[in-house]
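The values are calculated or read from the model by the stated rules, or taken from the named source; none is laboratory data. Since we're looking at a predicted model, the values are computed, not measured. Cβ: placed from backbone, ideal geometry, glycine included. Neighbour counts: every protein chain shown. For accessibility, only protein heavy atoms count, side chains too; no ligands or nucleic acids. Shrake-Rupley method; radii C 1.70, N 1.55, O 1.52, S 1.80 Å.
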Amino acid sequence: MTPRASSGWRVWGRPMAWLALAIFGPLLLLPTPLRVVAQGWLVLLTLATWVFLVGALVGAMTHASMPALSMVERLVRRWVAWCSPEPERLWLQWAREAHHPALGRLYLERAVLLGGREAQFHEALVFLEGGLGPGGQTAGVHRLRRAALRGHPEAAFRLAEALRTGQGQVLGDAAEAETWYQRSAAMGFGPAAAWLARAHAVGDGVPVDEAKARHWARVAADLQPHPPLSHNLLRHDAAPVDAFVRASAATLQRLETAADRVVAHRAGRWGLLLGGLLLGGLGLLVLGSFFWAGSSGLHHMPLLMLAPLLLMLGWQAWQMRKDRPRSGRDRLLEAAEAGDSEACHRLGLAYRQGSSTRLRDDHSAVLWFRKAAELGHREAMLALSEAYLGGHGILRDAREAARWAEAARRESTS
């Protein structure tokens, strides 16, 4: 198990206070004779915020693997870890709680670079449980050995297990495995002592020795309760959820629920439309006032800083509108469900070809072709025969393909 680092003011408070002082402290010079320095610093902060918003917009449009906000989060955590007396524990804790896969891997790498045995052990688990094949198993065993040599008890136990079973491309070595079991038990890891007691009692890879079996059984009893084996830090099925992520998800869910209630009523939709028009009008009024009265210095920069954010929100709104479920009557589906053979055939073609309003679905296409064919539609019979012949949306069946092709031929000559 990964020991949790300290939290609260001890970890976050002081580093963030120093960071805020470093960022906003120069602005205190504005009322002093050094206001030129403060104004220059304000320009740099404005440009940095502008670049960040533009980067966020570009990342949202290109679906970047590392969003801009995640990059800022990584830099802030790096500063906090640098100020902490136990940075390795912090990086491991953040790797377990990371809400972005790339961030989890980066945090674990930062912990490994510090050279601690705990980080090396968890890196080994990533290789062993990451589904990377024999090469990953071998790399994991090598990292287990490094952590075990530095005195990690569970790493020594896992290394002994690998040597006993010949995990990955590592050759089995029962004698060395027993040595690592003993070293793990000597470091206080109960499962290693329990295995030695059972192995000496039944002769599992070691000579039967009742005296050693009783000795290790007493050691295992003294070490009760035995800790559970650790798992890959990047396995998030049982990982704790970061409090920030949990609060964000809960807030987003409440907002979505409230938005659904508003747009479910005509009055709510009209209210949103009028509110959007009002805000847009106010924005144009403010912009026009700048052009009318003129601007001096950098007083218009805050307005320009909002441009990337507004563009990003507009882009997301357009994407949501494009991807929203289509409303209105589906007259083709209504006609097909009413038994119109031509409508059934056209609906099958629509499913087979796919479009922005109807996703491609070969199985649904076959179902509608069959219904149209059973109603005597010749083109639907041919389409059904092709589906059976090529296995499109249905299992291949040459006999059924021939049957429907013959039915289409008879229909054309009748």
Notebook entry, point to check: At a Förster distance of 45 Å, what's the computed FRET efficiency of residue 102 paired with residue 165, Cβ-Cβ distance as r, to 0.05?
Noted result: 0.85
Margin query: Quick check: residue separation of residue 48 and residue 395 times 0.36 nm, minus the Cα distance between them. What number comes out in nm?
Written below: 119.1 nm
Notebook entry, point to check: For segment 68-125, what D do you get in µm² per second when you plug the Kirkwood radius from alpha-carbon pairs into Stokes-Einstein at 4 °C and 1.567 mPa s?
Noted result: 115 µm²/s
Next item on the list: Run the quick spin-label model on residue 29 and residue 69: label points 7 Å from Cα toward the beta carbon, then report their separation in nm to one decimal.
Entry: 3.3 nm
Next item on the list: Might you work out the accessible area of residue 75 for me, using a 1.4 Å probe with all protein chains in place, and round it to the nearest 10 Å²?
Entry: 110 Å²
Next item on the list: Please list 210, 118 in order of solvent-accessible area, largest first, computed with a 1.4 Å probe with all protein chains present.
Entry: 210, 118
Notebook entry, point to check: residue 155: net charge of surrounding residues, Cβ under 13 Å, Lys/Arg +1, Asp/Glu -1, itself excluded?
Noted result: +3
